[in-house]
Structure formats: C-alpha cells, structure tokens
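Undergrad: Before anything else, here's the structure in question.
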Amino acid sequence: MKALRFPDVFQKRKEEILANWVKQQSSPAGKAGVSEGEFRRECGEVLDLLEKAIQSGPSLNLNHPQMQPMVELLKEISRERALRGFTPAETATFIFSLKEIILPMLQPIVKNEESFAAEVMPVSTLLDQLGLITFESYLNAREEVIARQQLDMSDLSTPVVKVWEGILALPLIGTLDSKRTMIVMEKLLQKIVETGASVAILDITGVMTVDTLVANHIMKTVAATRLLGAEVIITGVSPAIAQTIVHLGVDLSGILTRASMAEGLKLALRMTKQQLTEERRPVHDGSEKEPASLRTPKTQKGRG
C-alpha cells in the first residue's frame, strides 16, 4: 500500500480544512465590513494557492516560484486588515490557526522520525514563515497609516491663514521640534509667495517649550521671510518661553514681538497702512451705538 504524503492528505481533506479554518476564525468575520462570505473566499483562495504550491514538489519554502502568488495574496490581505482596524493578533492568527488544523491531520502518516522530518516539519516551518509574512505585512501597512496620519496632523496643526489684506497668521499649538519647525517655515514661505503678503504673525501662545534648535529655526524663518520682502511678528510669548530664550542666549532683539495675537494684528495693520473702521448703527431708542461692527480696513495715505 502506497504511503500517504502531505499533498495527498491535503487534497482529500481540503474541504474539511476550509470548514474548520473558517469556523475557528469566525470572530473576525463581520468585523470592519468583512462579511462571512468574503472571509470564506479569502480562506479558500489561500488554500487553493497552498495546494498548488505543495503539489509542485517536495521543496516547501518561500523562495519557490509557486509560493510567490501565496505571499502576495497574504500581503494584500494583511494590508486590508490593517486599514480596516483588525488587531495584530487577529491578523497573525489568520495563518497560525491553519497550522493547528493541518498538523493533527498529518499524524496518520508519521510512522517514524524520518517520515516526521520529511512530511511534518516542512509543513510546520512553511506555515510559520507564512504567518510571519502576514504579521510583518500588517505592521508595514500600519506604519504607512501612522505616517500618513502624522502628515495629516502636521498639516492641520500648522495652518497658515490670511486674516487681512496682506497679513497672514500662523497659530502654533503643541510641541515644536526641529522637523515641525521646518514644515512651518516651508508652509509660511509658500503662502507668502502665493498671497503676496507683507506681514506674517507667528503666534506661539499654545507652545509649551522652545529649545535652542527651535529658536534658531524661528530666526531662520524670520530671515527667509525678510528675503521675500515680508516681516514676521511673533506673538504669545509666555513668561516661561521668554525665560528659556534669555537663558539660551538667543538674540531676538531684531524681531518684532507682541504679547497677544490681537496686539500683533494691530501692529500688522499699522505696518500695512490699514485700520479698523468703526461703523455707527442706530439702536431702538433712536440713538447711535459705537462701535457696532468692523468693516473692511481702509488704506490710510501718508501714515507709516
């Protein structure tokens, strides 16, 4: 009687393996938009590719050409799961649970140590490698998501806003490190070129700490802004940051500063020869109340 081998067992009990695998993995099914049918289809595709690979020859390893479609499919599945919010454990278990189903089925063909080494060990090693590929692909996809989210957060946390004709404002919140300060400089300079603004207000009210590198980057930002024909007003310097700057020995004497954004805006209006014009509106008793609102600033001739 011909001895059974792993490909024979796999082919005969493939449907049983699929049913048990889907049942064992039923918890992720239905999560994050993954239906039971879609999950079963993914499992079926993996088993189909695994069957083709093991029938190609005794060499079961990831370097075999027949294994490449399997590897690419697992990478795609892992990436999708990372984007849909599956946990690392749920993704890794996808393959590792298959090992728990297949290895017990190989028990009847294990007659001695030689058959164990020839049939069971290669299968166990292969499934371990596929599990590691799945987990590694998941982590790579998560790192891409995190990097993209950090970039989005960086864009949201450094908004350059046109607050008045010729005046830009850049409110900063959180921690300023060298990388973020460079992003601030690039976005500010780009916005100055796009709008032709002559004054930029850099508000650091929400910044907790400033180190030497950040202070130097701010100085460079001011210098680069001046090269474009614009001036920077720094507002919202807290007492703690002021003391830090003094202790660091950073010279900000050549930079315009104001205590608040409002004071900085008033200075910017004077620098651009603009003013806030008050408007009179009648109230119910027939008198006029002043001020009532703010209008678009008028340009004043002859004022510096």
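The values are calculated or read from the model by the stated rules, or taken from the named source; none is laboratory data. These numbers were taken from a predicted model, which means no experiment stands behind them. All Cβ positions, glycine included, derive from the backbone under ideal geometry; neighbour counts span all protein chains shown.
Undergrad: Working carefully through the options LEU4, LEU18, find the one that is at pLDDT below 80, closer than 25 Å to GLN55 by Cα and surrounded by 13 or more Cβ atoms within 10 Å (Cβ to Cβ).
TA: Step by step, each of LEU4, LEU18 is checked, and only LEU4 is at pLDDT below 80, closer than 25 Å to GLN55 by Cα and surrounded by 13 or more Cβ atoms within 10 Å (Cβ to Cβ).
Undergrad: Would you pick out the residues in the stretch 177-217 that are farther than 19 Å from LEU256 by Cβ, touching a helix residue (DSSP H, G or I) at 6+ places or on another chain (Cβ under 9 Å) and either of a type in the set (Asp, Glu) or in contact (Cβ under 8 Å) with a residue 40 or more places away in the chain (or both)?
TA: Selection gives ASP177, ASP211.
Undergrad: Shifting gears a bit: When the residues of the stretch 247-288 are narrowed to those that are surrounded by 11 or more Cβ atoms within 10 Å (Cβ to Cβ) and β-branched (Val, Ile, Thr), which ends up modelled with the lowest pLDDT?
TA: Taking the candidates together, the pick is THR277.
Undergrad: VAL184 passes all but one of (1) more than 27 Å from ALA147 (Cβ to Cβ); (2) out of contact with any Pro (no Cβ under 7 Å at 6 or more places or on another chain); (3) buried (at least 18 other Cβ atoms within 10 Å of the Cβ); which number fails?
TA: Only one criterion is unmet by VAL184, namely (1).
Undergrad: Condition first: β-branched (Val, Ile, Thr), in contact (Cβ under 8 Å) with a residue 24 or more places away in the chain and outside any helix (DSSP H, G or I). Can you find one or more residues in the stretch 138-159 that meet it?
TA: yes
Undergrad: Can you report the number of residues in the stretch 196-231 which are surrounded by fewer than 22 Cβ atoms within 10 Å (Cβ to Cβ), outside any helix (DSSP H, G or I) and of a type outside the set (Ser, Thr, Tyr)?
TA: The qualifying residues number 10.
Undergrad: Name, by its number, the condition in (1) modelled with pLDDT of 80 or more; (2) farther than 16 Å from THR134 by Cβ that does not hold for HIS64.
TA: (1)
Undergrad: Another question about this same structure. Among what's in the stretch 24-37 and is assigned to a helix (DSSP H, G or I) and over 26 Å from GLN55 (Cα atoms), pick the residue that is modelled with the highest pLDDT.
TA: Checking each candidate, the answer is GLY37.
Undergrad: Quick one: which of ALA200, ALA215 is assigned by TED's automatic domain parsing to the domain that holds GLY254, of a type in the set (Gly, Ala, Ser) and modelled with pLDDT of 85 or more?
TA: ALA200
Undergrad: Suppose we filter VAL193, VAL123 for residues that are surrounded by 14 or more Cβ atoms within 10 Å (Cβ to Cβ), not in a strand (DSSP E or B) and not hydroxyl-bearing (Ser, Thr, Tyr); which single one remains?
TA: Matching residue, one of VAL193, VAL123: VAL123.
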